[in-house]
Amino acid sequence: MSKDSDRRKQVRAIQSHDDDSVAVVLEDVVSGQIVLLTRPSGTGEMTAREDIPRFHKIALSDFDDGAVLKRHAISIGRATTSIRAGDLVHTHNLVSLNS
Amino acid sequence: MKTNTPNFLGYRRAAGRPGIRNYLLILNLTGLTSPSAIRVAKDLYGSCLVSMDHGLAISGRGETPVNNTIKSLARHPNAGAVLILSAHQHKADDLLASMADHDRPVRAVTLDQAGRDALTFRTMAVRAGAGLLSEMSRQQREPMPWSELFLALECGMSDPSSSLFANPIVGLVSDRLISAGGATVIGETLEWLGNEVAFSERAVTADIGESVKQAVARRVALAKESGIDLMGNNPNKANIAAGLTTIEDKAIGSVVKSGSAPVAAFLNYGDRHDGPGLAAMDGPSYTPESLTGLIATGAQMSLFTSGVGNSFAGRLAPSLKITANSETAERIPEQFDFCCAEAVTHPERIDQVAEDLIERICEVASGALTFGEILGEGDEVIARFGETL
């Protein structure tokens, strides 16, 4: 029951640049919750595919294994598996370009 | 009255940028005279003491940057006049020679002149300083456009509110000031690590871009010599738990203070930045040394963001303390001069918040005191470069 009420709450995320691959969520997000995106060109909405902890990253579109992801218009790493829009992006699916 | 172009009231100088404060800069060059210099500064209202406590202990690779820093500080726009204190006449003479273009009143008092007697030395210094203060304090502030400002950008004790809100707002202000013809400077070289390629690509020349990358590589190598592997455990466990995934991801939070302007100059520690545009200064992340290096470039004020709280401030140039963390701002009301927590709950208002910060900057430039000044939390610490022999 509480999961359903969590899902109905709106949570926000910051997308720094319009071309970014990810946004940073400002609160804990539960799977299925709608995320309100603030981006330079205005606002948007998307649905989280899994739980995303506060200040972690949510994928804004699908990416192939090996794709380079950007945040704040800067390349932040390479996908180590295919990623779907709404997925959590973190150490389990993203590595540094230096590695 | 609010006009379209932000403006402030500043002190016009004979050369270079205007000052936002009008201090008698007491520049103490030797550790031997440090205790006396502190007493002299206490006896002179309106003075600002910058003390090079390591004096003659500096040798080798530290000599050039330290001497450059002292020469740069001696020309700082916030100084209406300079009183040089030194145990040794020759050190004072070297500095006087570098100021020979007489762009401001300067006097030197040394232990040599005082017959090696500290009591005589202090009296001579207070007399000299009093004369300088009486004359320089006659100068009045005049209206100036904010494009005559040069802001240092610093962060310390950061948290996600810094990297997601406070630092980007500083970046917006930096971009606007530079568009208007002003200047900003960013240091803390190791905070560029992870973004040094992207940062270097913003350089206006290939040389500047190379210098940016080499500055990072040099400090990474220096750290390795001390047994610190900066590339290894980075981001560390705490960073990862906080949501930072890769070293590139982590670096964004700090570099974002520099906005999107091209990097117009590369500075070594102690160099000045007299022109417009964004400068990148190779400096330590350790706040006291970082701020002093940034101030030596000629910045009249620093914008200093913090997430959890950081009481330290610049002394010769005030620090305008900024936080986006509303809990921190409520817990420490007498530390922050600007709270941008509104941008957290209302991100669509970010442009207005940046405009509000610009207004606050102009207030402080015009004489409004920062908490760092009110509470005496300011200091200047010149970087050290090696062990004393």
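In a residue-by-residue description of segment A:31-48, the property of being facing chain B (nearest Cβ under 10 Å), in contact with a helix residue (DSSP H, G or I) (Cβ under 7 Å, 6 or more places away or on another chain) and at pLDDT 95 or above applies to no position. Selection of first residues in segment B:156-185 that are under 14 Å from B:ILE358 (Cα atoms) and of a type in the set (Val, Ile, Thr) and of second residues that are modelled with pLDDT under 95 and open to solvent by less than 10 Å² (accessible area, probe 1.4 Å), restricted to Cβ pairs under 7 Å at least 6 apart or on distinct chains, gives the following pairs, ordered by first then second residue: B:ILE169/B:ALA343. Sub-7 Å Cβ pairs linking a first residue in segment A:53-79 that is more than 9 Å from chain B (Cβ to nearest Cβ) and assigned to a loop (DSSP other than H, G, I, E, B) to a second residue that is exposed (fewer than 14 other Cβ atoms within 10 Å of the Cβ) and among the charged types (D, E, K, R), at least 6 apart or interchain, are A:ASP62/A:ARG84, ordered by first then second residue.
Every residue, every condition in (1) assigned to a helix (DSSP H, G or I); (2) on the phi > 0 side of the Ramachandran plot; (3) open to solvent by 10 Å² or more (accessible area, probe 1.4 Å), yes or no:
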site	(1), (2), (3)
B:GLU327	yes, no, yes
B:ILE350	yes, no, yes
B:ALA354	yes, no, no
B:ARG360	yes, no, yes
B:GLU373	yes, no, yes
B:VAL381	no, no, yes
B:ARG384	no, no, yes
B:THR388	no, no, yes
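There is no residue in segment B:349-358 that is small (Gly, Ala, Ser) and within 18 Å of B:CYS48 (Cβ to Cβ). Between B:VAL212, B:VAL197, the distinction of being closer than 30 Å to B:ASP274 by Cα and in contact with a Ser or Thr (Cβ under 7 Å, 6 or more places away or on another chain) belongs to B:VAL212 only.
Each row is one residue, and each column tells you yes or no for (1) touching a Leu at 6+ places or on another chain (Cβ under 8 Å); (2) open to solvent by less than 10 Å² (accessible area, probe 1.4 Å); (3) farther than 28 Å from B:GLY386 by Cα.
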position	(1), (2), (3)
B:THR205	no, no, yes
B:ARG219	yes, no, no
B:GLU225	no, no, no
B:ASN233	no, no, no
B:LYS237	no, no, yes
B:ILE240	no, no, yes
B:ALA296	yes, yes, no
B:MET301	yes, yes, yes
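Restricted to segment B:175-193, and to residues there that are away from chain A (no Cβ under 14 Å) and farther than 27 Å from B:ARG218 by Cα, the residue that is most open to solvent (accessible area, probe 1.4 Å) is B:SER179.
Counting only strands (runs of 3 or more DSSP E) that fall entirely inside segment B:60-162 and contain at least 1 residues that are touching a helix residue (DSSP H, G or I) at 6+ places or on another chain (Cβ under 6 Å), at pLDDT 95 or above and open to solvent by 60 Å² or more (accessible area, probe 1.4 Å), the qualifying elements are B:106-110.
The values are calculated or read from the model by the stated rules, or taken from the named source; none is laboratory data. Given the structure is predicted, the values throughout are model-derived calculations rather than measurements. Ideal geometry is used to build each Cβ from the backbone, glycine not excepted, and the neighbour counts take in all protein chains shown. What goes into the accessible areas is simple: the full protein's heavy atoms, side chains included, and nothing from ligands, DNA or RNA. Shrake-Rupley method; radii C 1.70, N 1.55, O 1.52, S 1.80 Å.
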